[in-house]
Number of protein chains: 2
Amino acid sequence: MRIGELAATAAVSTKTIRYYESIGLVREPERTRSGYRDYSPAAVERLRFIREAQATGLTLAEIQSVLELKDAGAASCDHTRRLVERHLVDIDAQITRLEIARAELLDLAERADALDPTTCTDPNRCQVIEGSP
Amino acid sequence: MRIGELAATAAVSTKTIRYYESIGLVREPERTRSGYRDYSPAAVERLRFIREAQATGLTLAEIQSVLELKDAGAASCDHTRRLVERHLVDIDAQITRLEIARAELLDLAERADALDPTTCTDPNRCQVIEGSP
DNA sequence: TGCTTCCTTCCAGTCGACTGGAAGGTCATC
DNA sequence: GATGACCTTCCAGTCGACTGGAAGGAAGCA
């Protein structure tokens, strides 16, 4: 199948497929005599795999390292598991950062509610943001 | 004071200060006869304000809109509060996304633990990532 | 033959917040 | 007058995952 059909089937853009090819995430397909990319049905699976892995938060670089092992025929479960675990640590760190930011923002919002806006006139001071405990 | 001293005092780089000036976040300072930037002590406060606002998760564009109101002498508490509240909604959405991703990853990790790696040999399938319930 | 739709390559831009580096000017100190 | 620290401007690059657009070739149909 040509790139347009693959794109429609896998619900990605043709641009994205060519981009994936350019970074080595999908292999170069056969070409028709006129130079069009000609994909096998397996390409749909590969794109689906990439999208699923992406949905779990893996970056394209991480997905690529899984795919390379898969392509080499290696038992990739172990590698994938390590990647997944590393990513889990990252996600936990991100969540922690966001929760800290969230608490700070809540604090600001409450302080803003408690303040009289007419007293907030010093152009070099904003009582909402400044003056944290 | 010159840019190096300001940078050291406010714990930012000179590059960052010039960048902030280029996007209008800090005003153009006076210049010495030789063309060096010459800052008033108030610049330290402004940078400190920017860094604090940034630490609460506001983007530079958002900080700029607060600063513009402050510079205009307007009562900015109300505007700040709205920005803060909007950002709170964003953060909650981000946290939710991350928690979903986290649950998926945990699931993957458990599945990986339960699998026998020697059965993961089909180069087009990875039992860890695929076959989600 | 013309029209449309699809395909090709290649280059450049997006977002956010900087950072690096080149080429050259200025100031204080030895 | 030489050295070194500091300053100037300007241009380009980073990261990640694409997206836009130009210029031109190919396939199918009336």
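Values computed for the structure shown
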| read-out | value |
| --- | --- |
| Percentage relative contact order, the stretch B:3-115, counting C-alpha pairs under 8 Å, at least six apart | 16 |
| Karplus-derived 3J(HN,Hα), 6.51/-1.76/1.60, for each residue of the stretch B:36-53, Hz, glycine and proline x | 6, 5, 10, 8, 8, x, 4, 4, 4, 4, 5, 5, 4, 4, 4, 5, 5, 4 |
| Total accessible surface hidden between A and B, rounded to 100 Å², 1.4 Å probe | 4300 |
| Value of Rg/Rh across the stretch A:1-58 [Cα atoms, Kirkwood radius] | 0.96 |
| FRET efficiency for A:GLU30 and A:ALA61, using Cβ-Cβ distance with R0 set to 25 Å, rounded to 0.05 | 0.40 |
| Positive minus negative residues near A:MET1 (Lys, Arg vs Asp, Glu; Cβ under 14 Å) | 0 |
| Sulfur and carbon atoms: percent of accessible area, the stretch B:3-115 [1.4 Å] | 52 |
| Copies compared at B:ILE95 - label distances in nm, ascending, label defined 7 Å from Cα in the Cβ direction | 1.1 |
| Solvent-free Debye scattering, log10 I(q)/I(0), computed from the Cα coordinates of the stretch B:3-115 at q = 0.19 Å⁻¹ | -1.00 |
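The values are calculated or read from the model by the stated rules, or taken from the named source; none is laboratory data. Remember, predicted model here, so these are calculated numbers, not experimental data. In this analysis, Cβ positions are derived from the backbone assuming ideal geometry, glycine residues included, and neighbour counts consider all displayed protein chains. The protein model used for the area step is the full one, side chains on, heavy atoms only, and it has no ligands, DNA or RNA in it. Shrake-Rupley method; radii C 1.70, N 1.55, O 1.52, S 1.80 Å.
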